[in-house]
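Single-structure report; data block below.
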Ligand SMILES: [Zn+2]
């Protein structure tokens, strides 16, 4: 009995080897066999040791076939009883998160505005698993923030798991005058920054928890922009942890989560538009490889209306520009020397071994190693990630001969149109920002000609449901 408890405790805290040791001592007892076997094989699986998983599953007559069908990775792990088990790093994140000093409130799913409170410059939001926070600039007042902005923030962060958080707004917030941009300092958002009005507020989201993400490359660019009089707002938050409670890796809950700080600050800065650096690869192409009419699609229709009801224009200034076009825009700006999309760089250059170094740094003439494991893995994957752009990068860098054979037919066509602007995308830019943005785009990029080859893109012969 004691061994069983110790085994379970070791397993639940991610001490896989210890858990296996206890399990081996009781696995021959008929009453304990089932649970002990489960602990042994799952602990190997959690460690990513698939050969042991295969071997044991065979030995135990396929009792754990279902494990082999589950996606690998550190994300979804369940205990011997089906409870979710978090990797140790995630457990450490969860247990080190702050919470408001004296206040305790339960999560309110009927009125999500009740989940927000302010202490000093820190804004808290209660969610079903804990608290998330933003450290706001001096002078922020939650009381003076329109409830529609709070509702939109909560929806964006929670709807993937809590459909009830999808709510209507009163629609009484008056649109502000200021444009703003969710700015990550990468190529796409820098291209958006270049083609937007000079007075655009650049909102940088800074992850509060330590992870493999390195902010140094971004900091170089942010400091430069601040020095040049650009309005940069830098907000620290831990909201990327929300999805880790649902077995996902740290990151944004949904597409617009990277701008929740700007949404909350909209009244303080009189913001009337929030822009995102979303290129063609994610707008008019589905998964970067199949054309769709983005403006008419459900995603854009829903979210542009949803932002509108909170007194905000949803602005996608580079929706008609590919990643290649974004690179071209940045290349014509002095900012290019301060930019690096690599998330593993040292603040000066990229690592040279990652996918971003291949398809973003490579076409800029920066060095990378085509034999690097990550680059080879992605090139050989079917479908290839960011496929259309990667094909263009291969062709532009004259690397077709080094590309995997299955890509050859796709590389036979001239792909130079891919770096040009797609005119039909004009209509999704809200009218009050349209002219200025289009003027900048056409001064920096060529324009795609009809019939648009973009509309023919279907790299893997797929049909969308
Ligand atoms: Zn890199």
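Just need the Rg to Rh number for the range 358-465, please, alpha carbons only, Kirkwood Rh.
1.02
Using Cα atoms only, what is the angle between the long axis of helix 50-59 and the major principal axis of the chain, expressed in degrees (0 to 90) to the nearest 10?
40
Remind me, what semi-axes does the range 250-297 give for its equivalent ellipsoid, largest first in whole Å, using sqrt of 5 times each Cα gyration tensor eigenvalue?
Calculated on Cα positions only, the semi-axes equal 26, 14, 7 Å.
Cα axis of helix 33-46 to longest principal axis of the chain: angle in degrees, 0 to 90, nearest 10?
30
Neighbouring Cβ atoms within 10 Å as the yardstick, rank 189, 95, 184 fewest first.
95, 184, 189
According to the Cα gyration tensor, what semi-axes, each the square root of 5 times an eigenvalue, does the equivalent ellipsoid of the range 200-247 have, listed from largest to smallest in whole Å?
In descending order, the three semi-axes are 26, 12, 6 Å.
Mind pulling the angle between the C-alpha long axis of helix 147-158 and the longest principal axis of the chain? Nearest 10 degrees, somewhere in 0 to 90.
50
Could you please rank 418, 16, placing first whichever residue has the fewest other Cβ atoms within 10 Å of its Cβ?
Starting with the residue having the fewest Cβ neighbours, the order is 16, 418.
Stretch residue 406-residue 254 to full length: gain in nm at 0.36 nm per residue minus the Cα-Cα span?
Gain on stretching residue 406 to residue 254: 51.4 nm.
Just to be sure I understand: if I project the alpha-carbon convex hull of the range 140-465 onto a plane and average over all orientations, what area do I get in nm²?
Hull-based average projected area comes out at 16.8 nm².
Need the full-extension length gain, residue 299 to residue 224, defined as separation in residues times 0.36 nm minus the C-alpha distance. One decimal, nm.
Once the chain is fully extended between residue 299 and residue 224, it gains 23.5 nm.
For the range 419-465, which semi-axes, largest first and in whole Å, follow from the square roots of 5 times the eigenvalues of its Cα gyration tensor?
Over the Cα atoms of the range 419-465, the ellipsoid semi-axes are 26, 14, 8 Å.
Go from 0 up to the bin containing the longest alpha carbon distance in the range 176-268, width 5 Å each, and give me the % of pairs per bin.
Bin by bin from 0 Å, the calculated values are 2, 13, 23, 25, 19, 11, 5, 2, 0.
Taking the range 166-223, how much of its Cα-Cα pair set, in percent, is spaced more than 13 angstrom apart?
70
Tell me, Kirkwood radius of the range 115-255 from alpha-carbon pair distances, in Å?
It works out to 16.7 Å.
What is the Å³ per residue value for the convex hull set by the Cα atoms of the range 176-335?
Measuring per residue, one finds 129 Å³ for the Cα hull of the range 176-335.
Given a Förster distance of 35 Å, report the FRET efficiency between residue 24 and residue 95 from their Cβ-Cβ distance, rounded to the nearest 0.05.
In this case the efficiency is close to 0.75.
Could you pull the Rg and Dmax for the range 134-194, using just the Cα atoms, both in Å?
14.7, 38
Would you mind ranking 463, 5, 200, 396 by Cβ crowding within 10 Å, fewest neighbours first?
Ascending number of Cβ neighbours within 10 Å: 463, 5, 396, 200.
Taken together, the values in this text are just the output of simple stated rules run on the coordinates, not laboratory data. Note that the structure is predicted; figures quoted are calculated from it, not measured. Every residue, glycine as well, gets a Cβ built from its backbone with ideal geometry; the counts of neighbours run over all protein chains shown.
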